[in-house]
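Enquirer: Here it is: the structure, laid out below.
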Amino acid sequence: MTQVFDVERVLAQLTLEEKASLTSGSDFWHTQGVERAGVPAVMVTDGPHGLRKQPEEADHLGLGNSVPATCFPTAAALGSSWDVELVTRVGEALGRETRANDVAVLLGPGVNIKRTPLCGRNFEYVSEDPVVAGELGTAIVRGIQSQGVGTSLKHFAANNQESDRMRVSAEVDERTLREIYLPAFERVVTNAQPWTVMCAYNKVNGTYASENHWLLTELLRDEWAFEGLVVSDWGAVHDRVPALAAGLDLQMPAAGPRPDEEVVAAVRDGSLDEAVLDVAARRVLGLIARSLPGLESDDSFDVDAHHELAREAAAAGSVLLKNDGGLLPLASTEGVAVIGEFARTPRYQGAGSSQVNPTRLDAPLDALRAAGELAFAPGFTIAGGPSGDDAALLAEAVDVARAADTVVAFLGLPGPDESEGYDRPRLGLPDNQVALLRAVAEVNPRVVVVLANGSAVSVTDWRDLAPAILETWLGGQAGGSAVAELLLGVRTPSGRLTETIPHRIEDTPAFGNFPGEAGVVRYGEGVLVGYRWYDTRAMDVAYPFGHGLSYTTFGYSDVAATADGTDVSVTATITNTGSVAGAEVVQVYVRDPQASVLRPTRELKAFAKVALEPGESRAVSFTLGARDLSYWHPGLHRWVVEGGEFVIEVAASSRDLRGSVSLQIEGEPLWGELTPMSTIEEWLAHPVGGPLLQAALVPPADMGPLDETMQAMIQQMPAKVIADFGLSGFDRETLDTLVAKVAAG
Ligand code: BGC
C-alpha cells in the first residue's frame, strides 16, 4: 500500500539542523533521510540514455560498475531521428527500467546546445538548434515521467564545453541566451515540468550557475513557473548558503558536515532567512513524496523488448549522408567485405557519467554475418597502435577489399576522443583510418563508409573516395544490428542531421573564442550558432543541418502559409515518390529579411516526421505563433515581433528549400524611450518625437541644402550633440522641452 507522506506535516516536525541536512545528499546517489520523522532517502542516478545504477555495495565515488541496463542510443543518435513519438517510447522504457531498479530520478536529458563540434560531451546533447533540442527533450521527459519516476533536465545553463567546465565563465549576451541557449530548457520546463533541473558547473556571466539568482529564480521560477526541485551538478556547489538564496534546493553529492553547519549558522545569525531554507527542504520532501509510489512498486522490465526498441531507435537516428549511384542498400552479403575494427568492437556510447553497462551488445559484423557469409579484416587498431601493426593490418584489408564486390568500412572516433570532462582534440578521423580508406578505395571504388562518432567529424578530405556514407553516431547496444538492417535494406534510413557537418574547424562558429582563456569563454558569435552561422554567412558546408537521404524520394506540393495577426498556419503535402516505404522530416523555417537587428538567415520553428508508403501522400500542417516570429530585443529586454515581410520556408534541410511563402506581418511599435542622447535617426523614427524634432530643427537661413553624405552623418548623431553646436536656436533647453513632451505622450 502506498505510504502517505504528508510534506507539510513532516516539515513542521523538523529541527533547523534536520532541514539543513535535507539540502544535501547523504552519499553519492541518495538524498538525506530523517529516520525520526519517517523521511526515507531516495536514490537518483545517471542518465541520460540508460540507467547507471551502482549496486549498493559500490564505491560511492560514482566510478565503479553499474547494474545491467539497456543502453539506448545516445542523444546525438536519438535526436537525429527527429521522431517525437519514438523518443517518447524510449523515454517510457527508460522510465520502466528506472522504476524497476527502485531509482527515483534518472539524471537526464541534456539539452545544452552544440556550440562547437569539439565539445567532448556532444553525444549527450541533442542538437545545435533549440527547437529540436526542446521538442525531443520534452518527449523524453514526458516518456520517463509517465512511469512515475523523475528526470533531471541538465546542465542549466550555458554548459557548452568541457574544458575548464567547473570554473569557466560563459560570457553570453542576453539576446543570445534567450534565443539560443535557454529556449530548449524553457520548452521542456513549460511543456513537461521535469521533476528536477540540474544546474551546471560553470559560471554564467561571472556567477556560478549554482549561485545565479537570475537563472534559478527569476527565469526558472518566476518566468517559466518551474514547480520541481533544483539539484546541483555533482560538485557544482561551492557555498551552499548563497546557493540556497539563489534558488538551489539540493546539493549533490554529500559534502560532509560543514555546509550543513554553515546553513544552520546563517539562519541563526540572520544572514539566511529560515523561510528560504524551508522552501528548499519542502521541495526535497516533495520530491521524496512523489517518488514513493514508484519505489514501492514491484516492477520489472522486458529486456528483449527494450533491446528491440533500442534497435528501432538506432536505425531511426542513423543519417545517410550520401548514396551515389544507389550503392545502398546492398542486395545481400554476397561479395561484401567488411573492414574496420569497429565492425567487431563497436563504439556505441561515450565516456563519463552516462556510461551504461548494457544488457547485451550487438556487433555489426555478427549481425551482417547472420545474414550470410562475408570477409572481414580489421584494417586498423582503434588506439592507432604502433605503425608496424597498422601497416600489416592495412595490407591485409587491401587484399580483402580487392577480392570483394563491395566494401563496407566501419570508421569512427576512438573512445578516448569523446568524453565528459574534456573536449575533443580534433575534428577529423584518426590518420590511420583515413590512410586505410585511401588504400582500400584505390583497389575497390565501391566503398560504403559507416561512421560511429558522437558529434560531427570532418569528411571533406575523404568523402569523394566513398560513394555512400552512413552516419550512425553512437547508437547504443543494438546499433550493430540496426546498421546491418539499414545496409541490407530491411529498414530505410530516415535520420536527419541535427548538427551541421562543416568542412574545417576554422569554419565553425565558435572558432577563435572556444574554449576561451583565463577562465572566460566569450560567445562572440552571438546568435549565429550552427546552421544560423553557416547560412547567414553563405558558407559552404559538407552536409547541412536537416540533411539526410533515404532509399526512397519525397516530393513537396501545395506549400502554403497564411497569417492571422501573428498566428501563421503552414501547410504542405508530402508524397513518397520512390518505390520503398520511408519517412521524411518536414522542416519549417522562418526568415525575417527586414529587421533592425541582425537575424539569422533562417531559423527552424517546427518540424514533423512523416512515414509514407510508396506513392502515398499526406498533408501536414503547422501553427506558428508570435514567439516564432520574434527576436529578443536587447534594449527592451523582451520578445518583439518587428512588423514587415516574413518568409516561411518549407524544407528538407536548411539548404534544400522546397517551397516558400512571403507574408506581411503587422508588428508592434518598436520605438524606445527618447533621450537627449537618442540619435536624429531615432528621433525621426518616433511617431511623436519625429514631427516635434523636425519642427524645432530649422537649419540656419544661410545654410544651403545638405548633401547626402552630410545628411547620413547627421542621422547618426545624438540630438544633444547637435544642440550643443547651438545652431539656429536648437539648444539644450529646446531639446529638454522636446524630451519632456515626448515623455508626456
Ligand atoms: C555530470 C552530470 C551527472 C553527474 C552524476 C556530473 O559530473 O556532469 O551530468 O549527472 O555527474 O554522475
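Every number here is computed from the coordinates shown, using simple stated rules; none is lab data. Please read these numbers as outputs of a predicted model, since none were measured by experiment. Backbone-built Cβ (ideal geometry, glycine too); neighbour counts: all protein chains shown.
Enquirer: Take the alpha carbon gyration tensor of segment 17-295, find the square roots of its eigenvalues, order them as a ≥ b ≥ c, and report rounded if a/c is under 1.5; if not, report prolate when a/b exceeds b/c, else oblate.
Expert: Because a/c hits 1.5 or more and a/b fails to exceed b/c, segment 17-295 counts as oblate.
Enquirer: Starting from the Kirkwood Rh over alpha-carbon pairs, what translational D in µm² s⁻¹ does the chain have by Stokes-Einstein at 20 °C and 1.002 mPa s?
Expert: Approximately 76 µm²/s, per Stokes-Einstein.
Enquirer: Given N residues in segment 249-338, what is its alpha carbon radius of gyration divided by 2.2 N^0.38 Å?
Expert: Working it through for segment 249-338, the quotient is 2.24.
Enquirer: Let me ask something additional. For Lys720, list the aspartates and glutamates whose Cα falls under 14 Å from its own Cα; do not include residues on the same chain fewer than 8 positions away.
Expert: In chain and number order, the partners are Glu681, Glu682, Asp731, Glu733, Asp736.
Enquirer: Also: Taking Lys53 as the anchor, which aspartates and glutamates have their alpha carbon closer than 12 Å to its alpha carbon, excluding any fewer than eight residues away along the same chain?
Expert: Leaving aside aspartates and glutamates fewer than 8 places away in the same chain, those within reach of Lys53 are Glu97, Asp102.
Enquirer: At a Förster distance of 22 Å, what's the computed FRET efficiency of Glu8 paired with Arg36, Cβ-Cβ distance as r, to 0.05?
Expert: Computed FRET efficiency for Glu8 and Arg36: 0.80.
Enquirer: Please compute the net charge surrounding Leu411, taking Lys and Arg as +1 and Asp and Glu as -1 over other residues with Cβ under 11 Å from its Cβ.
Expert: That sum, taken over residues with Cβ under 11 Å, equals -1.
Enquirer: Beyond 17 Å, how much of the Cα-Cα pair distribution for segment 697-745 remains, as a whole percent?
Expert: Of the Cα pairs, 43 percent sit more than 17 Å apart.
Enquirer: Taking θ as phi - 60°, what are the ³J(HN,Hα) couplings along segment 639-646 by the Karplus curve (6.51, -1.76, 1.60), each to the nearest whole Hz, with x for Gly and Pro?
Expert: With coefficients 6.51, -1.76 and 1.60, one gets 6, 9, 9, 8, x, x, 7, 10 Hz.
Enquirer: Given R₀ = 45 Å, what would the calculated FRET efficiency be for Ala701 paired with His637, taking r from the Cβ atoms and rounding to 0.05?
Expert: So, using R0 = 45 Å, E works out to roughly 0.50.
Enquirer: For segment 143-232, which trypsin sites (Lys or Arg not before Pro) are both in a DSSP coil and crowded by at most 14 other Cβ atoms within 10 Å?
Expert: When the trypsin sites (Lys or Arg not before Pro) of segment 143-232 are filtered for loop state and at most 14 Cβ neighbours within 10 Å, Arg167 remain.
Enquirer: Between rounded, prolate and oblate, where does segment 310-536 land on the alpha carbon gyration tensor, with a ≥ b ≥ c its root eigenvalues, rounded for a/c under 1.5, else prolate if a/b exceeds b/c?
Expert: In terms of gyration-tensor shape, prolate.
Enquirer: Dipole magnitude of segment 680-744 about its Cα centre, charges +1 at Lys/Arg Cβ and -1 at Asp/Glu Cβ only, in debye to the nearest 20?
Expert: 220 debye
Enquirer: Still on this structure, I have one more. At 222 nm, what helix-only mean residue ellipticity would the chain give, in deg cm²/dmol to the nearest 500, using -39500 (n - 2.57) for each DSSP H run of four or more?
Expert: Here the helix-only value at 222 nm equals -8500 deg cm²/dmol.
Enquirer: Take Arg258 and Gln716, extend 7 Å from each Cα along the Cα→Cβ direction, and tell me the distance between the two endpoints in nm.
Expert: Each label point lies 7 Å from its Cα, and together they span 5.5 nm.
Enquirer: Under 37 °C and 0.692 mPa s, how fast does segment 554-665 diffuse according to Stokes-Einstein, given a Kirkwood radius computed over C-alpha pairs? Answer in µm²/s, whole number.
Expert: 222 µm²/s
Enquirer: Continuing with this model, one more query. Ranked from highest to lowest mean number of other Cβ atoms within 10 Å per residue, what is the order of the peptides 513-525, 40-52, 358-370?
Expert: So the order, starting with the most tightly packed, is 40-52, 358-370, 513-525.
Enquirer: With a point put 7 Å past each Cα toward its Cβ, work out how far Thr571 is from Asp464 in nm, to one decimal.
Expert: Spacing of the two 7 Å Cα→Cβ label points: 4.7 nm.
Enquirer: Moving to a separate point now. Placing +1 at every Lys and Arg Cβ and -1 at every Asp and Glu Cβ, with all other atoms neutral, what dipole size does segment 17-295 have around its Cα centre, in debye to the nearest 20?
Expert: Dipole of segment 17-295, to the nearest 20 debye: 520 debye.
Enquirer: Still on this structure, I have one more. Hey, what did segment 65-162 get for relative contact order, percent, Cα under 8 Å, at least 6 apart?
Expert: 39 percent
Enquirer: Here's something else I'd like to know. May I ask you to derive the relative contact order of segment 554-665, considering only C-alpha pairs under 8 Å and at least 6 residues apart, and to give it as an integer percent?
Expert: 31 percent
Enquirer: Give the share of C-alpha pairs in each 5 angstrom bin for segment 491-576, from 0 to the last occupied bin, in whole percents, shortest bins first.
Expert: Percent of pairs per bin, in order: 3, 11, 14, 14, 14, 16, 11, 9, 5, 2, 1.
Enquirer: While we're looking at this one, here's another question. Farthest toward the dipole's positive end in the chain, which of Leu277, Gly690, Leu22, given Cβ charges of +1 (Lys, Arg) and -1 (Asp, Glu) about the Cα centre?
Expert: Leu22
Enquirer: Between Glu733 and Glu56, how many nm apart are label points set 7 Å from Cα along the C-beta direction?
Expert: Using points 7 Å along Cα→Cβ, the separation is 8.7 nm.
Enquirer: With the Cα gyration tensor of segment 1-148 in hand, give its eigenvalues times 5 under a square root as the equivalent ellipsoid semi-axes, listed largest first in whole angstrom.
Expert: Semi-axis lengths for segment 1-148 are 32, 17, 16 Å.
Enquirer: So if each residue of separation counts as 0.36 nm, and I subtract the Cα-Cα distance between Glu506 and Val303, what length gain in nm does that give?
Expert: 68.6 nm
Enquirer: Of Pro358, Gly745, Met703, which is farthest towards the positive pole of the chain's charge dipole, taken about the Cα centre with +1 and -1 on the beta-carbons of Lys, Arg and Asp, Glu respectively?
Expert: About the Cα centre, the residue reaching furthest to the positive side is Pro358.
Enquirer: Grab the Cα-Cα distance for Asn191 and Asp399, subtract it from 0.36 nm times how many residues apart they are, and report the gain in nm with one decimal.
Expert: 69.3 nm
Enquirer: Once whole DSSP H runs in the chain are found, which of them have Cα atoms spread over 15 Å or more along the helix axis and a mean Kyte-Doolittle score of at least 1.6?
Expert: Counting only whole DSSP H runs, no helix qualifies.
Enquirer: Follow-up question, since we're still on this one. Can you put Glu341, Glu308 in order, fewest other beta carbons within 10 Å first?
Expert: Going from least to most buried by this count: Glu308, Glu341.
Enquirer: Also, I was wondering about something else. Over segment 332-372, what portion of Cα pair distances is larger than 16 Å, expressed as a whole percent?
Expert: Value for segment 332-372: 47 percent of Cα pairs lie more than 16 Å apart.
Enquirer: Using alpha carbon coordinates only, what is the Rg to Rh ratio of segment 655-705, with Rh defined as the Kirkwood radius?
Expert: 1.29
Enquirer: For the chain, what's the relative contact order in percent, using C-alpha pairs closer than 8 Å and at least 6 residues apart?
Expert: Value for the chain: 13 percent.
Enquirer: Cα-Cα over 32 Å: which of Lys19/Lys203; Lys203/Lys605; Lys322/Lys609; Lys19/Lys114; Lys114/Lys322?
Expert: In this structure, Lys19/Lys114 lie more than 32 Å apart at Cα.
Enquirer: Now for a separate question. Amide H to amide H, which residues 5 or more places from Val520 or on other chains are under 5 Å from it, using H placed in the peptide plane?
Expert: Under 5 Å from the amide H of Val520 lie the amide H atoms of Ser169, each far enough along the sequence or on another chain.
Enquirer: Cα atoms only: what Rg and Dmax, in Å, come out for segment 624-733?
Expert: Cα-based Rg and Dmax for segment 624-733 come out at 19.9, 62 Å.
Enquirer: Nearest 5 is fine: what % of DSSP beta bridges in the chain come out antiparallel, could you say?
Expert: The antiparallel proportion sits near 60 percent.
Enquirer: Sort 578-586, 269-277 by the packing proxy (mean of other Cβ within 10 Å over each peptide's residues), most packed first.
Expert: 578-586, 269-277
Enquirer: Starting from the Kirkwood radius over alpha-carbon pairs of segment 345-450, derive D by Stokes-Einstein at 10 °C in a medium of 1.306 mPa s and give it in µm² s⁻¹.
Expert: So the translational diffusion coefficient is about 104 µm²/s.
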